[in-house]
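Student: Quick one: the structure is below, and I'll ask about it shortly.
The values are calculated or read from the model by the stated rules, or taken from the named source; none is laboratory data. Keep in mind that what you see is a predicted model, and the values were worked out from it rather than measured. Virtual Cβ from ideal backbone geometry, glycine too; neighbours counted across all protein chains shown.
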């Protein structure tokens, strides 16, 4: 796998999601990005649903340090230890997996392994994954600390960028959502309003 695409490693995992700590502060993949991690024989795909930057020590919050500094960069230059006291993490909802050459848009048999490396998916991989909209069912039926409508829209916007005709991709996704959310007009309207280009 391309080491340039490696963004972190798994620090928490369950069947439905994993949390990864980034190697670099503030370098979480964007909301809705498709990422992957690998087990011995299975690649797990997840969609980034949340990102945080916090103190390494639980219960100890960062304090304001920039009153006498001219820029944010100056804060880190005058206090270089901050880079070692803070961490950026992101959560990814598992939406599929690949065994051998077979891609599945449903949950894998096992969760990700702790300390597995997490990679951003290459554009061709995102394109291949998004040929099927089966992952949308997982997204719209999940409970997360963020709005599911925001996450669905963000993931579709991210995926549309790798297609030759982004508009056609989004129209096809909208049709699939209309079927999945029949009877839930307000949710459908909220998502469609956010995926317009």
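Student: Of all residues in the range 26-55, which are surrounded by fewer than 15 Cβ atoms within 10 Å (Cβ to Cβ) and in contact with a helix residue (DSSP H, G or I) (Cβ under 9 Å, 6 or more places away or on another chain)?
Tutor: Listed by number, the residues that qualify are 30, 55.
Student: In the range 13-46, which residues are closer than 20 Å to residue 127 by Cβ and outside any loop (DSSP other than H, G, I, E, B)?
Tutor: If the condition is that a residue be closer than 20 Å to residue 127 by Cβ and outside any loop (DSSP other than H, G, I, E, B), then 34, 35, 36, 37, 38, 43, 44, 45, 46 are the ones that fit.
Okay, residues lined up against (1) in contact with a helix residue (DSSP H, G or I) (Cβ under 8 Å, 6 or more places away or on another chain); (2) more than 14 Å from residue 32 (Cβ to Cβ); (3) not in a loop (DSSP other than H, G, I, E, B):
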position	(1), (2), (3)
156	yes, no, yes
164	no, yes, no
168	no, yes, yes
172	no, yes, yes
176	yes, yes, yes
179	no, yes, yes
183	no, yes, no
187	yes, yes, yes
190	yes, yes, yes
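Student: So, restricting to helices (runs of 4 or more DSSP H) that lie completely within the range 62-147, which ones have at least 1 residues that are under 14 Å from residue 159 (Cβ atoms) and in contact with a strand residue (DSSP E or B) (Cβ under 6 Å, 6 or more places away or on another chain)?
Tutor: Counting at least 1 such residues, we get 123-129, 135-140.
Student: Taking residue 137, is it loosely packed, with under 14 Cβ neighbours inside 10 Å and in contact with a helix residue (DSSP H, G or I) (Cβ under 9 Å, 6 or more places away or on another chain)? Write out each step before concluding.
Tutor: Working: loosely packed, with under 14 Cβ neighbours inside 10 Å: no; in contact with a helix residue (DSSP H, G or I) (Cβ under 9 Å, 6 or more places away or on another chain): yes.
No; evaluated as a whole, the condition is false for this residue.
Student: Something else about it: Before we move on, is residue 152 assigned to a loop (DSSP other than H, G, I, E, B), within 20 Å of residue 45 (Cβ to Cβ) and within 14 Å of the chain's Cα centre (by Cα)?
Tutor: no
Student: Working carefully through the options 44, 56, find the one that is farther than 30 Å from residue 153 by Cβ and touching a strand residue (DSSP E or B) at 6+ places or on another chain (Cβ under 6 Å).
Tutor: Within the list 44, 56, the selection yields 56.
Student: For residue 58, indicate whether it is at pLDDT below 95, crowded, with 16+ Cβ neighbours inside 10 Å and out of contact with any helix residue (DSSP H, G or I) (no Cβ under 9 Å at 6 or more places or on another chain).
Tutor: Answer is no for this residue.
Student: Now a separate question. At pLDDT below 95 and under 23 Å from residue 9 (Cα atoms), is that true of residue 123?
Tutor: Spelling it out, it is not the case that residue 123 is at pLDDT below 95 and under 23 Å from residue 9 (Cα atoms).
Student: With respect to residue 186, is the statement that it is surrounded by fewer than 17 Cβ atoms within 10 Å (Cβ to Cβ), free of Cβ contacts under 8 Å to residues at least 60 places away in the same chain and more than 22 Å from residue 92 (Cα to Cα) true?
Tutor: yes
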